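To keep things clear, I will list the structure first and then write my remarks on it.
Please treat every number below as a calculation from the coordinates, not as lab data. Here the structure is a predicted model, which is why all the values come from computation and not from measurement. Don't worry about glycine lacking a Cβ; one is built from the backbone with ideal geometry, like all the others, and counts go over all protein chains shown.
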Amino acid sequence: QKEVEQNSGPLSVPEGAIASLNCTYSDRGSQSFFWYRQYSGKSPELIMFIYSNGDKEDGRFTAQLNKASQYVSLLIRDSQPSDSATYLCAPQGTDSWGKLQFGAGTQVVVTP
Amino acid sequence: DTAVSQTPKYLVTQMGNDKSIKCEQNLGHDTMYWYKQDSKKFLKIMFSYNNKELIINETVPNRFSPKSPDKAHLNLHINSLELGDSAVYFCASSVVTTSYEQYFGPGTRLTVT
């Protein structure tokens, strides 16, 4: 069983629509969750993090966390072509140093 | 202005050779990492150093040896390169004591022929 699961996509989203990305994780002890965006041929960059159950909004991005269901999601509102990228979900592990466990990512393609 | 830098950006070499990748961060972070991203885009941690001390050592072949001369630098040496080592290697850094947000370097694309 994979530790972090994401739909690989591609997730095709019309410009202006909402992109919804899902992530499930197996480590029940994970407390912190990160979403990274990776453009093709570039390095990952942090776009959101969430520690508490519920929603956290930052601009057009909303992260949602449900620890009981071991589920974290990312919503991108008013999707733009510049949002076309792969989005990596990364729960923090419960080992001493809290290493991040990256999912394989969901590719999002925003079509004009 | 560069936060996390890596050299070289591209590395093409033959099987059996030994090569090194260098990483430097000017963010004042305490912790640095090496990740490998394979052709399926799966990003997997290899090593992590905190203030020059090895703290994470995942199951990687012992042909891979990290070295941290100081907390701003983390190098990766690879002996006897194999075809399966072809990947993009990312260096990253974070301030462990305050957050686990990681800042990634631009990556080194290693191709073994």
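Do you know the relative contact order of chain B, to the nearest whole percent, from alpha carbon pairs under 8 angstrom that are 6+ apart?
36
Rg over Rh for chain A works out to 0.96, both radii taken from alpha-carbon positions and Rh defined as the Kirkwood radius. Of the three principal axes defined by the Cα atoms of the protein assembly as shown, the extents in descending order read 49, 40, 37 Å. In plain terms, the bigger the Kirkwood radius, the slower the diffusion; for chain B, with that radius from Cα pairs, at 25 °C and 0.890 mPa s, Stokes-Einstein puts D at 176 µm²/s. Work through the residues other than A:VAL110 whose Cβ is under 11 Å from its Cβ and net out their charges, Lys, Arg +1 and Asp, Glu -1. Cβ neighbours under 11 Å give a net charge of -3.
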